Amino acid sequence: PGSCPALCECSEPAKTVKCVNRNLTAVPPDLPSYVRNLFITGNRLARLPAGAFPAQRLPDLSALNLSGNHLRAVEAGALAALPALRQLDLSGNPLVSLSPQAFGEGGSPLEELALRGALRDQGVLLSLAAMLQSGALRNLSRLELADNGLLLLPAGTFTALLALRQLDLGNSSLVGLRNVSFQALGQLQSLNLSDSSLGVLRNGTLAQFRGLPALRRVGLGRNAWVCDCTIEDLVAWLKESDQVEGKEALTCAYPDKTLGKALLKINGSDLNCSVPVDLPSQLQTSYVFLGIVLALIGAIFLLVLYLNRKGIKKWMHNIRDACRDHMEGYHYRYEINADPRLTNLSSNSDV
């Protein structure tokens, strides 16, 4: 139990084992049971299968660093036999498969999870969202998802993380937060949204920020803010809130006339908001109104037909009789023209 695996460095007083840059292709099976801090980084593990860590052999392991191992798959049950695990770092791995049951059926006591640069595959992002929503990591207090090039987050990703205090979404490609709900994060203290592609924060998102009692730090720097009429809510919130770090440095990226101008100095005259810009909402409202008007006209038309049903019936009968007389006249003329005797008689009628 006190031995050290080959290619690893062990320190029993520090309760630490390091297996760094050793080209390992699997987790060493003979890890000492005293280990609390385990570093297996810079290797070539490729996959983390079920039971990768011997059951009941590592009862005190609380910090596990598996960053930069070329990991592509974390299978179901791979991290299930670690009852004391509190910190896990999977950063810098090109994951293409992450099982929602990686921590087993009963969940995990994990408190800190780092996935920096590990969620480049959309399928992995969806699997992570399913894992978080299932409550398997309900004890998470810190979640790092930075450097992943995320465009949009799956709806409801964070709804089960009631203990979350720090959320890092920085250095991504996030273009909006419309489908992201922060309402359940009552313990959230720090939110990093810097170095992304955010153009605007809608009033619904800002209302969620206002409703988070513990939120003290929001990072919004180095985003491509679009300073048109949709930015008004964000500007108003920045002026009234002390949650945003370095808000004085936030500047407009578009359009050209406001390029580089501080958001805190934007006013109505800069935006020219005399005409509403929310055209999709206006069009939707117009379509609904048009539908109601057409339905009303149709109902009135049917009512008029019903009230005048007798007159309409009589009118239809008159038309039918007129058509019948007309057709009989045509038939009579046809018979005369078809009979040569009647034709000769009609041609000599003057005699």
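The values are calculated or read from the model by the stated rules, or taken from the named source; none is laboratory data. Note that the coordinates shown come from a computational prediction; the quantities given were computed from them, not determined experimentally. Neighbour counts are summed over all protein chains in view; Cβ atoms, including those assigned to glycine, are modelled from backbone coordinates with ideal geometry. Just so you know, the surface numbers come from the protein's heavy atoms only, side chains and all, with ligands and any DNA or RNA stripped out. Shrake-Rupley method; radii C 1.70, N 1.55, O 1.52, S 1.80 Å.
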Inset, instruction - Check off (1) touching a helix residue (DSSP H, G or I) at 6+ places or on another chain (Cβ under 7 Å); (2) closer than 17 Å to Ser67 by Cα; (3) among the aliphatic types (A, V, I, L, M) for Leu161 and give me the number that stays unchecked. - result: (2)
Legend entry - Sole exception among (1) open to solvent by 40 Å² or more (accessible area, probe 1.4 Å); (2) under 21 Å from the mean Cα position of the chain (by Cα); (3) closer than 24 Å to Arg138 by Cβ for Pro213, by number: (2)
Inset, instruction - Filter segment 65-84 down to the residues that are surrounded by fewer than 23 Cβ atoms within 10 Å (Cβ to Cβ) and within 21 Å of Glu12 (Cα to Cα), then identify the one that is nearest to the chain's Cα centre (by Cα). - result: Asn65
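Of all residues in segment 29-64 being part of a loop (DSSP other than H, G, I, E, B) and open to solvent by less than 10 Å² (accessible area, probe 1.4 Å), which is modelled with the lowest pLDDT?
Kept after step one, since they are part of a loop (DSSP other than H, G, I, E, B), are these residues of segment 29-64: 29-36, 42-46, 49-62.
Remaining after also requiring open to solvent by less than 10 Å² (accessible area, probe 1.4 Å): 31-32, 35, 43, 45, 53, 58, 61.
Numbers: Leu31: 93, Pro32: 93, Val35: 96, Asn43: 97, Leu45: 94, Phe53: 90, Leu58: 93, Leu61: 96.
Checking each candidate, the answer is Phe53.
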Legend entry - Cβ-Cβ under 9 Å pairs, at least 6 apart or on other chains, segment 118-146 side farther than 16 Å from Gln187 by Cβ and assigned by the TED database to the domain that holds Gly170, far side of a type in the set (Val, Ile, Thr) and open to solvent by 30 Å² or more (accessible area, probe 1.4 Å): Arg120/Val96; Asp121/Val96; Gly123/Val96; Val124/Val96; Gln133/Thr159
Legend entry - Residue satisfying condition, being open to solvent by 10 Å² or more (accessible area, probe 1.4 Å), within 15 Å of Ala73 (Cα to Cα) and at pLDDT below 95, within set Gly123, Gly149, Gly104, Gly156: Gly123
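Checking the conditions here, which among Ser181, Ser241, Ser196 is more than 28 Å from Ala118 (Cβ to Cβ) and assigned by the TED database to the domain that holds Glu111? Write out each step before concluding.
Values: Ser181 fails: more than 28 Å from Ala118 (Cβ to Cβ); Ser196 fails: more than 28 Å from Ala118 (Cβ to Cβ).
Within the list Ser181, Ser241, Ser196, the selection yields Ser241.
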Inset, instruction - Give the residue that is farthest from Ile231 (Cα to Cα), with candidates limited to residues of segment 181-190 that are within 16 Å of the chain's Cα centre (by Cα) and open to solvent by 10 Å² or more (accessible area, probe 1.4 Å). - result: Gln183
Inset, instruction - Please state which one of Gly221, Gly298, Gly260, Gly246 is without any contact (Cβ under 8 Å) to a residue 12 or more places away in the chain, assigned by the TED database to the domain that holds Ala163 and open to solvent by less than 80 Å² (accessible area, probe 1.4 Å). - result: Gly260
Inset, instruction - Please work out which residue is most open to solvent (accessible area, probe 1.4 Å), limiting yourself to segment 107-120 and to residues that are assigned to a loop (DSSP other than H, G, I, E, B) and not hydrophobic (A, V, I, L, M, F, W, C). - result: Arg120
